[in-house]
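Undergrad: The structure follows.
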Ligand SMILES: CNC(=O)[C@@H]1CCCN1C(=O)c1ccc(Cl)c(COc2cccc3c(C(F)(F)F)cc(C)nc23)c1Cl
């Protein structure tokens, strides 16, 4: 075709990242759109609020682990990710997978009534009261709100998710230079997509979101540590193994 060699590679990179995102996004946008106004009844909200702290944490951990597993699948199909060493792939997923879960949550979010798709319906922050970490949930909702405001297309979201994941500043990387090279190629892809969509100004905003993500995830890790110290039995026996592998 008429593309110079390098541009063809960028198009192929974008296409494979977008395909991988679509195949691993858990719910299609049309499905979520159709469920948009399915909210929890007073009784259902009461039931969530009368769960104990560790019951609700365990309930959420199952969903978070599920979401993390989809992110692992997504990562495996990012060109260049599989070329990295096993250790570097784990190091990127250990710190980046929760960030991508957070980025993807904007797809589950309804900004009109400030609810997020959880357990088959759309839930407000009050549903998560028994977690006893209102600051974390408020931060998760705020971040989702902020991401929705950018009105990213699925293609832009796919490339941004890959950029968040492949971050050469992560701790304990063996071959930082190689991770940086893959990061650069994804960044070129995202820039290419944004330019094609005539939305160049978005790149700067997306880099600001990446900074917010880091602070949000350190809050999460702190909460996770608090929870596993407070409820060691639940944390060590009930959390699915992948969760322990990634966050322990
Ligand atoms: C269909 N929807 C889904 O699958 C979404 C995507 C990921 C999980 N999930 C939910 O069902 C979901 C949606 C919204 C919220 Cl607020 C929650 C509850 O979120 C959390 C509760 C406890 C700890 C959480 C932590 C902590 F601290 F472990 F790192 C970190 C994140 C980010 N979220 C936590 C959940 Cl589990």
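Here, each number is a calculation from the coordinates, and none is a lab measurement. Model, not experiment: these values are computed from the prediction. All Cβ positions, glycine included, derive from the backbone under ideal geometry; neighbour counts span all protein chains shown.
Undergrad: Under the definition of Cα pairs under 8 Å and six or more residues apart, what whole-number percent is the relative contact order of the range 121-206? Walk me through the intermediate numbers first.
TA: Details: 38 pairs, mean separation 19.6, N = 86.
Worked out over the range 121-206, it gives 23 percent.
Undergrad: Counting each DSSP H run of 4 or more residues in the chain as -39500 (n - 2.57), what helix-only mean residue ellipticity at 222 nm follows after dividing by all residues, to the nearest 500 deg cm²/dmol? Before the final figure, lay out each step's value.
TA: Values: 10 runs with 162 residues, N = 248.
Taken over the chain, the calculation gives -21500 deg cm²/dmol.
Undergrad: A follow-up question, please. Under the classification rounded if a/c is under 1.5, otherwise prolate if a/b is larger than b/c and oblate if not, where does the range 1-108 fall, given a ≥ b ≥ c as square roots of the Cα gyration tensor eigenvalues? Please list the in-between numbers first.
TA: Working: a/c = 4.64, a/b = 1.79, b/c = 2.59.
Oblate shape, in that a/c is at least 1.5 and b/c is the bigger or equal ratio.
Undergrad: Something else: I need 57, 226 ordered by Cβ neighbour count within 10 Å, fewest first.
TA: Working: 57 26, 226 13.
If I rank by nearby Cβ atoms, fewest first, I get 226, 57.
Undergrad: Report, to the nearest 10°, how far helix 134-149 tilts away from the longest principal axis of the Cα atoms in the chain, using its own Cα long axis and a range of 0 to 90°.
TA: 40 degrees
Undergrad: Rounded to the nearest 10 degrees, what's the angle between the helix 53-76 long axis and the longest principal axis of the chain, both from Cα atoms, 0 to 90?
TA: For 53-76 against the chain, the angle is about 10 degrees.
Undergrad: Which order results if 160, 141 are arranged by neighbouring Cβ count within 10 Å, fewest first? Mind showing how you got there, number by number?
TA: Details: 160 27, 141 18.
Ascending number of Cβ neighbours within 10 Å: 141, 160.
Undergrad: Sort 50, 25, 16 by Cβ crowding within 10 Å, fewest neighbours at the top. Mind dumping the intermediate values first?
TA: Details: 50 11, 25 19, 16 16.
Listing 50, 25, 16 from fewest to most nearby Cβ atoms yields 50, 16, 25.
Undergrad: Per the Cauchy relation, a quarter of the hull surface: what is the mean projected area of the convex hull of the alpha carbons in the chain, in nm²? Intermediate results must be reported in sequence, preceding the final value.
TA: Working: hull surface 55.4 nm².
About 13.8 nm², averaged over all directions.
Undergrad: When only C-alpha pairs under 8 Å and at least 6 residues apart count, what is the relative contact order of the chain, in percent?
TA: Details: 245 pairs, mean separation 68.0, N = 248.
Relative contact order, the chain: 27 percent.
Undergrad: How high is the relative contact order of the range 101-248, in percent, counting Cα pairs under 8 Å that sit 6 or more residues apart?
TA: On the way: 93 pairs, mean separation 27.4, N = 148.
This gives 19 percent for the range 101-248.
Undergrad: Now, a different point. Could you give the angle, 0 to 90 degrees to the nearest 10, between helix 5-23's Cα long axis and the longest principal axis of the Cα atoms of the chain?
TA: 20 degrees
Undergrad: Rg(Cα) of the range 64-160 divided by 2.2 N^0.38 Å?
TA: Details: Rg = 14.9 Å, N = 97, 2.2 N^0.38 = 12.5 Å.
With N residues counted in the range 64-160, Rg over 2.2 N^0.38 Å equals 1.19.
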